[in-house]
Each structure stands twice: as C-alpha cells, then as structure tokens.
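The values are calculated or read from the model by the stated rules, or taken from the named source; none is laboratory data. As the structure is a computational prediction, the values presented were derived from the model and not from experiment. Ideal geometry is used to build each Cβ from the backbone, glycine not excepted, and the neighbour counts take in all protein chains shown.
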Amino acid sequence: MSIALRGNLKDFGIAEVFQLIGQQTKTGVLEVSGEEGSVELRFDRGHVVSAAPMGGGEYAALGDMLVRCGVLTREKLEELQKECSASVQTLPRVALESRAVSREDLATIDDLLTRETIFDLLRWTGGSFHFRAESVSHEREHGSLLGAEQILMDGLRMVDEWQTFAEQVPSAEVVFQRSGSFDAFRKRMQGEPPRKVAAAEKVFALIDGRLPARRVIDLSRLGSFEATRILAELRRAGCISPLDPEQVERARRRRLRAPLVAARRAPALIALGLPFLLLGGLLGAATLGRPAAPPAPGSALPSAPLEDARSAFETRRMRNALEAYRLARGVWPERLDDLVSEGFLDPAALTPASGRPYYYARHGDDFLLLPPEH
C-alpha cells in the first residue's frame with residue numbers, strides 16, 4: 001500500500017478505510033470531507049487516538065464540546081482561548097494549568113468528542129478522504145486506545161440499531177416533559193446492569209420541560225446514541241412526552257419577560273418604600289426629642305436604601321435560581337457558573353452591582369450563599 005491514500009467514499013467506503021488502517025497498523029492522519037463538513041482522525045499503529053470536526057482552529061471542537069457538556073461556560077472558554085493566544089499554549093494545557101477543567105473531565109469529554117465524531121462519520125453517505133502517514137504525538141497509553149477495526153464494528157452496530165429508536169426523538173430541538181415516575185421505569189429495568197440504570201436516571205433527571213433534546217444529550221455526557229436510546233425508551237414507557245412547539249415557545253417568552261417585569265417593578269417598589277424609610281428615621285428622631293445623632297467616629301456609615309434594595313433583589317434572584325436548579329436536577333449545582341451554563345441565570349447575574357463575587361458552598365442537603373461585601 002502507498003504511504004498516502006485518497007479517494008471517494010462512494011468508491012471506497014469509510015468502513016474499508018478503517019479496516020485498511022487497522023489491519024496494516026498505520027500511523028497518521030485521516031481527513032474526510034463531505035456535505036456535512038470535514039473531520040480529522042488521528043491513528044497510532046492502527047489504533048484511534050482522537051477524532052474531531054475541523055475548522056475554527058486547533059481544539060475548537062473540544063472547546064465547544066466542553067461548553068455543550070456544561071464543563072465550561074462560553075465566557076470562560078473565550079478567556080482560556082485568549083490565554084492560549086498570548087502564551088502560545090494549547091487549550092487543554094491552559095485549561096488544566098488554570099484548574100478550569102479537571103484532568104478526568106478533560107479526558108472524558110475528549111473521548112466523547114471522538115465517539116460522537118466517528119458515529120456521525122459512519123452515517124455519511126458521501127464525501128472524499130485523504131490519509132497521510134506521519135507521526136502522531138499524544139500522551140495516552142497505547143493500551144488504552146481502541147483498534148480501528150473494533151471501533152468500526154461497534155460503530156456499525158450502533159448505526160444499525162439507531163434506525164429502531166431514532167424516530168422517538170424526531171429532532172434535536174424537541175422538548176420533553178415528565179409524564180410518569182422513574183420508579184416504575186426502574187422496576188422495568190430489573191436485571192439490567194447498575195450502570196445502565198444509573199444512565200437512564202441521569203437522563204430522566206435532566207427532563208424539565210425546558211431543555212431541548214440536544215441539550216439533554218450533551219449534559220448527560222453519554223453520547224448521542226446512548227442518550228437518544230434512553231430518551232426513546234423513556235418515551236415508550238410513558239415516563240416522558242414531547243411538548244407541543246407552541247407550548248415551548250410560550251414558556252420561553254414567559255422566561256424572557258420575567259426579568260424585564262422584575263426590573264421594571266424594582267424601581268417602583270423602591271420608590272414606594274423610600275418615603276417610609278425616611279419617615280421612620282424622622283419619627284425615630286422626634287421620639288427621642290432630638291435630631292438623629294451622627295455616627296460615632298470609626299463606625300460604619302449607614303448604607304443607602306436604594307443600594308440595599310438592589311443587593312437584596314440580586315441575592316433573592318440567585319437563591320431562586322439555586323432552588324429551581326435543585327428542583328430540576330435533584331441536586332445543588334457544583335458551582336454558580338452551572339446556573340449560567342444550564343440557562344437558569346443570565347451571565348450578568350454572577351457579577352452583582354457591587355462588582356464582587358458571591359460566596360457559595362454546598363452543605364449536604366442545603367447550601368450557603370453569602371452576598372458580596374459592599
């Protein structure tokens with residue numbers, strides 16, 4: 001075989017390309033392009049090292065997957081990308097060094113990206129490919145890599161099974177609501193491996209009548225095939241049901257209006273309360289028969305009522321978002337950033353009027369939230 005290999009997928013299918021690379025234990029890079037886009041797959045002695053869509057720069061697909069899976073916020077990713085440009089380091093290295101991502105999460109998402117890319121590629125109906133033999137650098141143990149032929153067999157099986165349940169999740173934008181109990185579904189899964197039951201419960205916990213299927217799949221970190229199969233099984237069991245698109249749109253409009261209504265009402269409420277606060281101060285001084293005494297030297301100056309009201313409103317909004325997250329997910333979020341990445345808060349809410357961050361910590365079945373110091 002020649003060191004370089006190129007051709008058309010209609011004449012030489014992707015399955016045959018995988019087999020050739022695997023059987024001849026080739027090391028190099030395979031690029032495949034078609035109407036769906038372009039992907040790059042890296043091989044080491046016939047084993048798959050990684051696979052990802054091309055475009056947007058190196059590690060752009062990995063960064064996007066980290067955001068989609070809730071590991072990073074979009075704002076944090078942009079911050080890391082700026083650091084990469086300034087330091088000429090890779091995104092994974094910068095993310096690890098800044099502790100924005102754990103090594104375990106990074107490996108999990110990288111593997112997920114590889115599996116998703118190959119699963120998508122195996123469903124392509126056309127395109128062209130080009131394999132070039134070259135050294136491929138990576139830090140993974142060779143024994144942990146899967147052979148190209150093994151991945152091909154697993155992938156083709158998944159493509160065949162996909163046809164049996166994909167219609168239950170008609171689009172990535174469909175929104176499901178809970179319509180039954182998971183306990184009943186758990187009984188139906190008696191005898192199944194605990195890992196499979198846990199995966200189903202994880203997907204069910206993400207169903208809130210708000211998140212589209214694509215978001216549920218991403219946050220589950222199970223991959224399109226496994227998470228879609230679970231959604232299909234839950235739907236067939238009557239545990240979940242799709243919402244009408246008009247219901248979803250009405251709910252979305254209500255969520256968009258809520259902050260605006262609160263923002264419009266806040267000044268009016270503050271204005272109504274301010275005269276009473278001032279009157280209370282005057283009555284207090286009159287009761288003592290003398291004007292209110294000035295603050296003692298070294299004591300804190302009294303805070304402005306408007307500032308206090310604004311701070312209280314911001315803190316209450318944060319607490320409400322935490323409660324909503326708990327109701328939807330069954331657990332408190334790990335970090336306040338999770339409220340933004342999963343759509344419970346606007347990014348601006350994490351930077352209150354005081355400009356300082358909140359202190360947040362989970363404590364068993366409760367949480368501790370301290371507002372910023374003024």
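Rundown of residues vs (1) touching a residue at least 40 places away in the same chain (Cβ under 8 Å); (2) of a type in the set (S, T, Y); (3) in contact with a His (Cβ under 6 Å, 6 or more places away or on another chain), yes/no style:
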{"position": "E139", "(1), (2), (3)": "no, no, no"}
{"position": "L145", "(1), (2), (3)": "yes, no, yes"}
{"position": "Q163", "(1), (2), (3)": "no, no, no"}
{"position": "Q168", "(1), (2), (3)": "yes, no, no"}
ask   = Any chance region 197-208 includes a residue that's buried (at least 16 other Cβ atoms within 10 Å of the Cβ), on the phi < 0 side of the Ramachandran plot and part of a loop (DSSP other than H, G, I, E, B)?
value = yes
Sole exception among (1) in a helix (DSSP H, G or I); (2) at pLDDT below 80 for L368, by number = (1)
message = Looking for something in the same structural domain as D218 (by TED's automatic domain parsing), in a strand (DSSP E or B) and buried (at least 18 other Cβ atoms within 10 Å of the Cβ) - is there at least one such residue anywhere in region 170-180?
response = yes
inquiry  = Condition check: farther than 16 Å from F225 by Cβ, assigned to a helix (DSSP H, G or I) and among the small types (G, A, S). Does A100 satisfy that?
reply    = no
key: Selection count, region 3-22, where residues are within 18 Å of M158 (Cβ to Cβ) and outside any helix (DSSP H, G or I)   = 1
